[in-house]
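The values are calculated or read from the model by the stated rules, or taken from the named source; none is laboratory data. As the structure is a computational prediction, the values presented were derived from the model and not from experiment. Neighbour counts run over all protein chains shown; Cβ positions are idealised from the backbone, glycine included.
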Amino acid sequence: MNKSVVSWALYDVANTVFNLGVVGLFLPLSINERQGTTDADLGFPIVVSMVVVLVASPFLGALTDQLKGRMRTFTLLNIVATISIILIGFSGTIMGTLTFFSTAFVSVYLAELLYNSMLKDASTPKNRGKIGGLGIGLGYTGSLVVLIVALQYSEYNSNYSSAFLGIAVIYILAALPLTIFFDEKHQVDTRLKTDIVLSATWIQIKRRWNQFKQTPALLKYFIARYFYMVAVTTSSTFAVLYGLKTMSFTEREVELVLILGTVFAIPGAMLWGYIVDKIGPAYALKWNILGWSLMLAAAFSIPTMNLSNQLWWPLSAILGLFFGGLWAADRPLLIQLSPSNLGEMFGIYGAVSRLSFLTGAFVWPLIAVTMGLGQPAAVFFLLCCSLVGLAVLIVWVVSEDRLCPPSQ
């Protein structure tokens, strides 16, 4: 295993620590402790951030294709993200907290776009699932350690500043190896002039969107991804608030449930990586989304059927097994379907993901708070989105499985 593979896999620690530690746990806890806050105080800043990422993602992906290099932009985004994460915990106002969070959010998600496109250089078609699974597993391992350590200090710090500081340190330490050791197959062409690069980037974007009607497999993939990512990203973001307000858990119980899910996510990611290489990413992704749909149905049923909230414990463990498999399957699938301009395709991949996140972050507080229907109704909406995504995948896999065979 060479240094590019190791450094690529280690970066998943940074990405997962941010999503799990900041977006999924400590920011919702910090918001929940402030008087007069609701789900909208978490959802609507994510909407604004997602608009920025949505607009920037396709352009950034195509731009890096033209420059033939990603590392400089990747490094700058990680530096901005690290500083912003630190400042989240030291802001004295809710507006300041959400402003720094939005800055970090945009930086991390644009950096993730570039990171995903590097998987092609870090792997081969025969081991792409395993390498992706390794990265996801390491990411959850790092998150588990950070959560356990940070939770000890958060008891003595009501605004969780020590937790955000710890996450920022882990984030930059996990990002540095990729910056230093990763071997890009293409290097930046410094002779290109800015106007030429921008013009070529815009032409590439227009050509790709015009060609989508001629590449139905890619179009179906992105349609399915939009719907299932609405379910995945939104449920991950609001899970803590759901546990606090609907499941009536204490903050400590919510934290322990999250840790339990992370423990199971580590072997789950490795297992899904093996499955992807064995049966192919398209079929693996279909089974993974089926698992997500069943878990969302269970999350909806617990409060609506007055079942014991203790069912949330095994539910979290089972969901952890499915969590990492999503990225272990859909990133190799996109690479398989995209023989060229991979940066641009991962730019669209990122834009679709952000659009779905934007949708969920807007609709959840709209349903739960503005319309007054409550959080279970919002979960039901996510279940419907997951089922639509699954339906598109099933129809596609049955009719076009020849496009997505297992790697030989």
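Residues in the range 232-241: is at least one touching a Cys at 6+ places or on another chain (Cβ under 6 Å) and within 27 Å of L337 (Cα to Cα)? Looking through the range 232-241, none of the residues is touching a Cys at 6+ places or on another chain (Cβ under 6 Å) and within 27 Å of L337 (Cα to Cα).
Condition check: farther than 24 Å from G389 by Cα and at pLDDT 80 or above. Does V232 satisfy that? Judged against the criteria, V232 is not a match.
When K220 is tested against (1) crowded, with 24+ Cβ neighbours inside 10 Å; (2) over 18 Å from the mean Cα position of the chain (by Cα); (3) of a type outside the set (V, I, T), only condition (1) is not met. Close contacts from the range 5-34, counting a first residue that is closer than 15 Å to L165 by Cα and a second that is among the charged types (D, E, K, R) and at pLDDT below 80, with Cβ to Cβ under 8 Å and a gap of 6+ residues or different chains, come to L25/E255. For the range 242-258, the candidate set comprises residues that are of a type in the set (V, I, T) and buried (at least 18 other Cβ atoms within 10 Å of the Cβ); within that set, the residue that is farthest from N32 (Cα to Cα) is V257.
Determine if the range 254-263 includes at least one residue that is over 24 Å from S143 (Cβ atoms), assigned to a helix (DSSP H, G or I), free of Cβ contacts under 8 Å to residues at least 12 places away in the same chain and out of contact with any His (no Cβ under 6 Å at 6 or more places or on another chain). No, that holds for no residue. Picking from residues in the range 123-180 that are of a type in the set (D, E, K, R) and more than 20 Å from the chain's Cα centre (by Cα), the one that is modelled with the lowest pLDDT is E155.
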